[in-house]
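Working notes, beginning with the structure itself.
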Amino acid sequence: MNRRALRKAKNAAFLFLSLVATMTGLACLAAILWTLLSHGIAGMSWHLFAEMTPPPGSKGGLLNALYGSGMMTLLGILIGSPIGVLAGTYLAEYGRNSRLSTVIRFINDVLLSAPSIIIGLFVYEIVVVRMGHFSAIAGALALAILAIPVTLRTTEDMLNLVPVGMKDSSAALGAYPWRTTLSVLYPAARSGIVTGLLLAIARISGETAPLLFTALNNQFWSTQLNAPMANLPVVIFQFALSPYKDWQDLAWAGALIITVTILILSISARVILALLQAERGSGR
Amino acid sequence: MAIIDPRHAAKQLIYERIFRALTLGAAVLVLLILGGVAISLARGAWPAISHFGFSFVTREIWNPVTDEYGALAPIYGTVVTSLIAMLLAVPAGFGIALFLTELCPPLLKRPIGVAVELLAAVPSIIFGIWGLFVLAPVLQRHTQPWLIAHLGHVPFIGNLFKGPPFGIGVLTAGVVLAIMVLPFIAATMRDVFDTVPPMLKESGYGLGATTWEVMWNVVVPHSRVGIVGGMMLGLGRALGETMAVTFVIGNAHRISSSLLAPGTTISSAIANEFTEAVGDLYTSSLIALGLLLFLITFTVIAAAQAMLRRLERGGFAV
Amino acid sequence: MKMPNRLVIMAAAAALSYAAVAAATDISGAGATFPYPIYAKWADAYKKLTGIGLNYQSIGSGGGIKQIKAKTVTFGASDMPLKPDDLKAAGLLQFPMIIGGVVPVVNVKGIQAGQLHLDGATVASIYLGDITQWDDPQIKRLNPKLTLPSTAIAPVYRSDGSGTNFLFSEYLSKTSPKFLSSIGANTSVQWPTGIGAKGNEGVANMTTQTDGAIGYVEYAYAKQNKMAYTLLTNKAGAAVAPSAESFQAAAANADWVHADSYYLILTDQAGAKSWPITGASFILVYKQPDDPASVNEALKFFAWAYKDGASMAAELDYVPLPAALIAQVKKTWTSEITSGGHPVWSGK
């Protein structure tokens, strides 16, 4: 009897600890979101979307940083996702089990988890130094390199989920793989690929390190791709570490904007995936 | 009578060749990018490596005045902060995975799972500012004085908790990293636990084992490979993390036995000093740090991916 | 066929955007955080006046020197003057822009601005790690009337390459032989103890955040953020507070005419009212620039700042340059910054 009571006590203890662990994890998320909300709301105002980043000691907004981040994220996705989607298509359709594909999948996973500062160093060496100056296009390239692994992985997984029957019927009609892919597979895997894009956007819009030595930053409004461009993460980095209250308020507001955007993107990606699974499950 | 017009067929073939070339090109590009990163890092690091030789990795000195550089302090900081992060995050992640697979009421499973995963979506710079403005003051005012008072005098481990409470430092960086890595570890472990065949668990329960005993003696051994893989993925993330650490590590190129002291990591040293490094040897030393980080994370991530893929394909662990 | 048309349009759009790029001339500069508050204020006013934007990134003097040498910016800014030999080797011209002071700031419970009195030797000992608590006898001796808590001292230093760091370490080297031999003076030195922070902003922020901290920042940062600066004992033995007057007193005896390439260090100057950690902040441009148009715009900005920016500088307790020095600098522009034999600067 005694040993059984001990076992039951051990069981209860560990299960209780697991509850504590979960509560701690949730508490951390809540604490961070709460800090962001309480500090960020204070800095929120319509000025944020109407004025540029101010010099220290003055009031202003984040318009140039918001535009810069938006533009570089957009360019990064435009450059990176076609490469990711095409490469994912290759892995799913042509190179299923070849040696090359195994290597590429492996390399892709490494790139997926690689420290983004290394990518920033790489783009600095081959773009910024060659061009002779920092530029938004260098920043966009760094972001593109970060977007490729995410889109590649999702595209390959999504294409593999398409029922084999669809591919076979298309081939039976005499279609080459390219035709099958474009006309049958992509439409079928559409939501999955879009999810991949959303996840890639979520990933690159929050990255700071790769932009530190590529796009640098810009106090003013600039739409030139060939020049340094303001961006939200680096602005937050600079403003948060400063002693100026106005700047710190803007940093928190910017942090809130980034986090809300990324959370919305992540949740949307999840919702789409869930709908996709439900659709699949119900037999179509 | 041909069903398919030969000219049409020829055009289709050309399109096929083009498409195949495009996709192959894109796939090879991925390979080239990684190769390019490795080569450009090696090229940039060469002046420092040839100048300092192996001693680069064993010296603590980091003096831009006399142009003497050694990677020991950043390596030490990277390893110690990641170690602290693992020590905190692995048990916690295990606990969360255990909760989600065994205890959690089915209705709450998805929301809680999503909430934990959302922690992973928060950008690292947010963790950095949260760590600096919220966590560090709390640590400085309450936790660190407590640690110094109660553990500072214990023989051996007391040395870990000596020194004035700065609030920021190696321990704080480790805690922030732990929170960042937690969702990865928890999610991977939960996914791995979910793949355990219910039959195995049922047999355990059938013999009268408690939930914990089934977990520890059936699920964990079965998921060994996946658990280790998830841990290493988390470790890879912790080793390379830049922004969160830069805010709270204290930026001191020194090795100190106390966890409460400021230090530096490879990624935060690069982030802080790269734009200002004057002189080829200084810049090259920073790139050499980058190369070291690349090699370390490559090894860890490669091992993790290999384990996880073995799991995906095999299912039954050895 | 649809695809080629789309490609043509995309190519045209790319070409057009590149054309837009070539049109405007924004000036870019990078470097010292020491003068950043006033440069940013000037840039804002100049943009409202002329529409030309000066994009200045305060990444530290070391960064300014690196970026101008890499030719990624129009001008660099550094608080540590480069030696004439280094300038000649790089083909750079340096000139002073503004004068300011570096002040120690503290975060100790109960101590207000201007209350704590320190001297060079004491500050050096703190940063060497020899003095570790605020109620140390050496500090008490200088402040008999203050009640000092027994909090641990947390020295905060610059983790990036910094001219402010140069001025501060230079002053400590002059006043403490031990500091000179074990640490020395440079934009980046190996501090034996304490926390590193990035930029004047980072040091100001970290000092405000950490209980018991001491840091060193350019005076505008201490003033704008209402930090508790300290008094210092100057060369003449008097306890002096940082202010435009004490910076000006230190700069009064400077002999700019005979300074080769304007290389002059103003720490620990004689004079009863002189602030011991005063310094000028310098601008670096190429003598034969690749892009004369941008350099001309930059020089026009500096000329405007010398004249119309003086009152803004005074508001932040920077000391504008004396008129004779400004005239000397402008002559240097005309004679030394050339492109194809003609002076780049279009003014006089």
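The values are calculated or read from the model by the stated rules, or taken from the named source; none is laboratory data. This one's a predicted model, so the numbers in the text were calculated from it and none came from an experiment. When we count neighbours, we look across all protein chains shown, and the Cβ atoms used for this are built from the backbone with ideal geometry, even at glycine. Surface areas here come from the heavy atoms of the whole protein model, side chains and all, with no ligands, DNA or RNA. Shrake-Rupley method; radii C 1.70, N 1.55, O 1.52, S 1.80 Å.
Here are a few things to note about the model shown:
- A:L62 being among the hydrophobic types (A, V, I, L, M, F, W, C), in contact (Cβ under 8 Å) with a residue 40 or more places away in the chain, closer than 30 Å to C:N225 by Cα and more than 13 Å from chain C (Cβ to nearest Cβ): yes
- For A:F239, the conditions (1) assigned to a helix (DSSP H, G or I); (2) facing chain B (nearest Cβ under 10 Å); (3) within 14 Å of the chain's Cα centre (by Cα) all hold with the exception of (3).
- Boolean, B:Y69 is buried (at least 17 other Cβ atoms within 10 Å of the Cβ), among the hydroxyl-bearing types (S, T, Y) and touching a strand residue (DSSP E or B) at 6+ places or on another chain (Cβ under 9 Å): yes
- Residues that are of a type in the set (G, A, S) and under 19 Å from A:F14 (Cβ atoms) within segment B:215-255 comprise just one, B:S223.
- Selected residue [open to solvent by less than 40 Å² (accessible area, probe 1.4 Å) and either modelled with pLDDT of 90 or more or closer than 21 Å to C:G53 by Cβ (or both)] from C:V285, C:V319: C:V285
- Taken together, A:L263, A:L275 contain a single residue that is more than 7 Å from every other protein chain (Cβ to nearest Cβ), part of a helix (DSSP H, G or I) and not small (G, A, S), which is A:L275.
Quick grid of which residues meet (1) within 23 Å of the chain's Cα centre (by Cα); (2) facing chain B (nearest Cβ under 10 Å):
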position: A:A140; (1), (2): yes, no
position: A:I145; (1), (2): yes, yes
position: A:L173; (1), (2): no, no
position: A:A188; (1), (2): no, no
position: A:G196; (1), (2): yes, no
position: A:S205; (1), (2): yes, yes
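- Selected residue [surrounded by 18 or more Cβ atoms within 10 Å (Cβ to Cβ), within 20 Å of the chain's Cα centre (by Cα) and not in a loop (DSSP other than H, G, I, E, B)] from C:A254, C:A280, C:A314: C:A280
- Taken over segment B:188-214, the criterion of being under 18 Å from A:L15 (Cα atoms) and either among the aromatic types (F, W, Y) or buried (at least 21 other Cβ atoms within 10 Å of the Cβ) (or both) is satisfied by B:M189, B:R190, B:F193, B:Y205, B:W212, B:V214.
- Check on A:L232, aliphatic (A, V, I, L, M), away from chain B (no Cβ under 14 Å) and either within 28 Å of B:G128 (Cα to Cα) or over 17 Å from the mean Cα position of the chain (by Cα) (or both): no
- Of all residues in segment B:262-283 being in contact with a strand residue (DSSP E or B) (Cβ under 9 Å, 6 or more places away or on another chain) and touching a residue at least 24 places away in the same chain (Cβ under 8 Å), the one that is farthest from the other protein chains (Cβ to nearest Cβ): B:L281
- Pairs where the first residue, in segment B:41-53, is within 14 Å of chain A (Cβ to nearest Cβ) and the second is in a helix (DSSP H, G or I) and open to solvent by 60 Å² or more (accessible area, probe 1.4 Å), C-beta under 6 Å, 6+ apart: B:P47/B:D280
- Among the criteria (1) surrounded by 18 or more Cβ atoms within 10 Å (Cβ to Cβ); (2) in a helix (DSSP H, G or I), the one A:E207 does not fulfil is (2).
- Residues being open to solvent by less than 10 Å² (accessible area, probe 1.4 Å) and over 17 Å from A:F239 (Cβ atoms) - total across segment C:40-53: 2
- Considering only residues in segment A:79-104 that are under 15 Å from A:I148 (Cα atoms) and free of Cβ contacts under 8 Å to residues at least 40 places away in the same chain, the one that is farthest from the other protein chains (Cβ to nearest Cβ) turns out to be A:P82.
- Subset of segment C:235-274 [touching an Asp or Glu at 6+ places or on another chain (Cβ under 6 Å) and of a type in the set (V, I, T)]: C:T267
- Lone unmet requirement of (1) in contact (Cβ under 8 Å) with a residue 60 or more places away in the chain; (2) facing another protein chain (nearest Cβ under 9 Å); (3) surrounded by fewer than 21 Cβ atoms within 10 Å (Cβ to Cβ) for B:A304: (3)
- Set A:I41, A:I79, A:I83: member being assigned to a helix (DSSP H, G or I), of a type outside the set (S, T, Y) and buried (at least 22 other Cβ atoms within 10 Å of the Cβ): A:I83
- Residue check, A:P115 over 24 Å from B:G35 (Cα atoms) and facing another protein chain (nearest Cβ under 10 Å): no
- Output for segment B:1-40, where each listed residue is in contact (Cβ under 8 Å) with a residue 12 or more places away in the chain and at the interface with another protein chain (Cβ under 7 Å from one of its Cβ atoms): B:V37
- Test: residue in segment B:54-63 that is at the interface with another protein chain (Cβ under 9 Å from one of its Cβ atoms) and either open to solvent by less than 30 Å² (accessible area, probe 1.4 Å) or basic (K, R) (or both): yes
- Boolean, B:R110 is within 9 Å of chain A (Cβ to nearest Cβ) and open to solvent by 50 Å² or more (accessible area, probe 1.4 Å): yes
- Of the criteria (1) open to solvent by 50 Å² or more (accessible area, probe 1.4 Å); (2) at pLDDT 90 or above; (3) within 11 Å of another protein chain (Cβ to nearest Cβ), which one B:T78 fails: (1)
- The criterion of at least 3 residues that are more than 14 Å from chain B (Cβ to nearest Cβ) is met by the following strands (runs of 3 or more DSSP E) wholly inside segment C:172-241: C:213-218, C:231-233.
Okay, residues lined up against (1) among the small types (G, A, S); (2) within 14 Å of chain A (Cβ to nearest Cβ); (3) open to solvent by 30 Å² or more (accessible area, probe 1.4 Å):
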{"position": "B:S124", "(1), (2), (3)": "yes, yes, no"}
{"position": "B:V134", "(1), (2), (3)": "no, yes, yes"}
{"position": "B:L147", "(1), (2), (3)": "no, no, no"}
{"position": "B:I157", "(1), (2), (3)": "no, no, yes"}
{"position": "B:W216", "(1), (2), (3)": "no, yes, yes"}
